[in-house]
Each structure stands twice: as structure tokens, then as C-alpha cells.
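Every read-out reported here was derived from the displayed coordinates using simple, explicitly stated rules and does not represent laboratory data. Note that the structure is a prediction, hence the values are computed from the model and not measured. Note: ideal-geometry Cβ built from the backbone for every residue, glycine included; neighbour counts use all protein chains shown.
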Amino acid sequence: MIHTRSCRAIALILAVAGLAGCSLFPSRAPEILTDHDFGPLRTHAAPPGVPPVIVRARSAPWLSGTTIRYRLLYKDPTAIHVYAQNRWIAPPAALLEARIRWRLGAAPLSGAKPPDQVDRLVIVLSRFDQDFTAPRRAFVRFTASARLYDVATGALIARKTVDLRRPCAPDAEGAVTGLSRLARMASAAFAGLAARGGRVKDPVP
């Protein structure tokens, strides 16, 4: 009798251990999360004759995170989806700001007071995502506006809106590659605005 009870106890212990082993050692490997940026930044000298520029980029609240977003326009155009295994290494506005600084040859700002003759470039990113028009057809979209101010007077010197769109592969790689390319194109346009310092041609609203 005692022997039978002992056998049952041992069997119960082995069964519990087996269940615990299943929970401790799952059969599926953990998913790998990949971080992305807009590409490497190499040593870059400032274009000649460009005045010092303070660059500040921010985004609409829905773009403040690091997720890579997409929409299924053909199925549910109001729903926002994100890629589970891919993300930006920093918020897109921060990556855009770093890219523009690099193009202008500007080092990150320190706590020192900026010189008197300096401009301020303010950029607002409002769209940065991938849209699917069919299960196997997609495009990426970038929209941002920039204003260049004279720091001493607060006067608006110039402004520019960049709205870009191009086809891309219908997957996470297509989103990363396409959006990075649009961001590089936009950073060149905004850096050119700061370098030229053109006058505003239409009234400021």
C-alpha cells in the first residue's frame, strides 16, 4: 500500500516537473527586434558661407514614438498598424534633426549661449508612414514644414513645406528603405533652405 502511494506521488511530481519544463523552455524562439536609422553619418564639413544655424525638429504627437507605422487603405483606412519586429532607433524627428545638422556641418549644441548672428530652423514633421493600396502594393509618405527665423529679431526669414511620396516594397524593409530615402531628400531640402536664407515671398499668416 505504501509502495503504491509512493509510486503515485513520484508520478505526480514528474508530471508537474514536465509542465514546468514546458513553461521554462518554450518551443518558439523569442522574436528579434531590429532598430533602424536613416543611414550612416560620416564626417562632413559645413558648406562655405553658411551662417550658424540652430536646428530644432519636432513632430505631431502621433509620431513621437519609435514605431514604424502603416495603413491598409484598401481594407481599413482609419486603423494604424505597426511592425512588431522593426522600429526606429529614435523618434523620426530626432533622426531628421541629426541628418540636417550633419548636412550643415553643425555639431550638437552645448549649454553655451549661441552667437548673436545666428538663425533658427524649426521643423515640424506631420506625416511619416507607409500606406498599402492593395495587399502587395504600397507607398511611403513624408510631410514636414520648416521655418527659418532670425534669432536676434525673431523675424521669419524663409519657410518651406516638403511633401514626398514614392512606391516601396509592401513590407517592413520597404517601409524602412523608402522612408529613410524620403527623410534624406527632405533633410537636403531643409539644409538648403538654411544655407540660402531666402526671403519669404508671401505674407505670413
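Brief remarks on what is shown
- Environment charge of THR133, counting only residues whose C-beta is closer than 14 Å and scoring Lys/Arg +1, Asp/Glu -1: +4
- FRET efficiency, 1/(1 + (r/R0)^6) with R0 25 Å, evaluated for ILE89 and PHE139 via beta carbons: 0.60
- Modelled this way, with points 7 Å down the Cα-to-C-beta line, the labels at ARG196 and THR34 are 3.7 nm from one another.
- Packing-based ranking, highest mean first, of 68-78, 174-184 given that Cβ atoms within 10 Å are counted: 174-184, 68-78
- Two-site label geometry, LEU72 and ARG42: point separation in nm, points 7 Å out along Cα→Cβ: 4.2 nm
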